[in-house]
1. What angle do you read, to the nearest 10 degrees and between 0 and 90, between the alpha-carbon axis of helix 296-306 and the longest principal axis of the chain?
2. In whole Hz and in residue order, list the ³J(HN,Hα) couplings for segment 201-218 that follow from phi through the Karplus curve 6.51 cos²θ - 1.76 cosθ + 1.60, θ = phi - 60°; x for Gly and Pro.
3. Any number yet on Rg/Rh for the chain, C-alpha, Kirkwood?
4. Taking a 1.4 Å probe, which of VAL115, VAL31 shows the most accessible area, and what order do the others take after it?
5. Charges at C-beta only: +1 for Lys and Arg, -1 for Asp and Glu. How large is the resulting dipole of segment 173-261 about its Cα centre, in Debye rounded to 20?
6. Ignoring any ligand, DNA or RNA, what whole percent of the accessible area of segment 318-413 comes from carbon and sulfur when the probe is 1.4 angstrom?
7. Thinking of segment 263-336 as a set of Cα atoms, what percent of all their pairs are more than 13 Å apart?
8. Sorted by packing (mean other beta-carbon atoms within 10 Å per residue), highest first, where do 363-370, 252-259, 81-88 land?
Amino acid sequence: MRDITAPESLRWRRFVDVFESTVSAAGYELVIPPLLEDIGVFTRLGEATDVVTKEMYDFVDKGERHVALRPEQTASICRSFVEHRPTTPFKAWYSGPNFRYEKPQRGRYRQFDQVGVEVLGSLDPYVDVEVVQLGWIFFSSLGLQQVDLAVNSLGEPEDRAAYVAALASYFNERLDELSPESQQTLSRNPLRVLDSKRTQDQGVIAEAPLINSFWSDGAAAHFETFCNGLSTVGVPFSVDLKLVRGLDYYRGTTFEYRGGTLDSAQNALGGGGRYNGLVADLGGPDTPGVGFAIGLDRTLLACDDEGVFPAPAQHADVFVVDVCDGSDALLICSELRSSGIRTERSWDSRSMKAQMKAANRSGARFAILIGEDERASNTALIRDLRSDAEQISVPRNELLATLSTYLSSLQGAE
Ligand code: AMP
């Protein structure tokens with residue numbers, strides 16, 4: 001697990017800000033679920049789901065409750081929905097860390113942040129379109145251009161079950177050709193064999209049966225309306241009939257956003273789909289759902305590759321250099337900061353030279369200088385740190401107004 005330090009930490013903040021403005025424009029409400037839940041919330045995600053069976057941080061707490069750090073947040077949002085019963089359709093967004101005991105590597109960590117949305121209570125295929133489009137708009141707002149969207153449908157539960165059975169028998173017939181890892185996966189979850197990136201498996205996977213011949217009429221019609229809707233709103237996509245997502249609960253629509261610059265084994269920036277049975281599994285009324293989760297780490301790696309969405313520069317506007325006892329700096333900082341001017345200062349009565357060095361390092365445009373003369377005459381010197389212009393002297397009671405004018409004229413010029 002990692003510390004996220006500045007300036008990357010500022011970038012994380014801004015990432016969530018951009019996400020929030022994208023989804024709140026469409027009326028999604030923020031839900032902040034707890035980091036820790038009863039383990040039952042997650043075990044309902046499915047016995048064949050790796051994040052539950054192999055990767056969960058779970059333990060028995062001091063009250064003998066078996067709990068787990070959340071490996072994802074969809075289950076928590078559904079549990080919260082069952083508990084609070086908001087009116088439907090319920091449109092929620094979230095952000096924050098999840099925990100999975102995985103082998104850490106580039107783009108894969110044991111604590112990682114996601115942002116996501118969930119819509120509960122509607123079967124309308126245009127909800128699927130809205131959700132997928134929101135992710136698409138978000139990536140564009142970050143400046144990413146090389147994102148590919150892949151879509152598929154896992155059909156109705158019966159279609160999915162028939163497909164899984166057909167896949168299992170197909171893969172079992174060609175068991176010897178599969179890698180040992182995929183042979184293992186097959187015994188737990190035949191769908192996930194399709195996810196294998198191992199070269200040895202590719203020939204067998206290429207000839208595997210496809211889900212579309214198992215779709216019921218209803219599933220096929222939903223998928224068609226969904227795809228047409230994406231075209232209507234101008235979201236480009238490709239149909240990938242072998243796209244299955246890691247979590248067991250998906251039914252119907254599934255989709256994945258892939259970063260064009262990332263290594264194919266780790267190129268999923270995010271994904272999601274429909275999970276019509278999950279709320280009922282958690283003890284609520286039968287309520288359909290659709291949503292996605294986007295990983296912050298991998299999306300930022302994609303941003304690095306494309307040279308977009310840099311960490312925001314954080315610098316002071318003003319640096320106060322007080323070579324008396326520091327008490328004037330105390331007052332000036334407090335006055336300027338309360339007017340929203342980013343103001344820094346030095347401590348420990350450092351020399352003029354040391355304070356000027358700190359002022360330059362802070363990135364401030366202006367230094368305010370207070371020496372014995374200024375103190376005696378109740379004035380301050382303003383020095384532009386990025387021009388050779390003469391420093392000017394202003395009465396102390398005009399300092400704030402003068403600086404505000406300077407800073408806003410600079411902003412206007414930018
Ligand atoms: P999932 O919840 O498994 O569908 O993952 C959705 C997205 O979250 C992925 O596409 C990744 O971007 C991100 N993600 C999942 N697991 C990790 C991890 N261990 N470390 C970093 N990002 C992750």
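The values are calculated or read from the model by the stated rules, or taken from the named source; none is laboratory data. Because the structure is predicted, anything quoted here is derived from the model rather than measured. Here Cβ is always computed from backbone atoms with ideal geometry, including for glycine, and neighbour counts include all displayed protein chains. Surface accessibility is based on the protein's heavy atoms, side chains included, excluding ligands, DNA and RNA. Shrake-Rupley method; radii C 1.70, N 1.55, O 1.52, S 1.80 Å.
1. It is inclined by approximately 70 degrees.
2. Those phi angles translate into 7, 4, x, 5, 5, 4, 9, 5, x, 10, 5, 5, 7, 9, 5, 6, 4, x Hz.
3. For the chain, the value is 1.12.
4. Result, largest first: VAL31, VAL115.
5. Charge dipole, segment 173-261, about its Cα centre: 280 debye, nearest 20.
6. Carbon-and-sulfur percentage of accessible area, whole number: 49.
7. 79
8. So the peptides 363-370, 252-259, 81-88, ranked by packing, come out 252-259, 363-370, 81-88.
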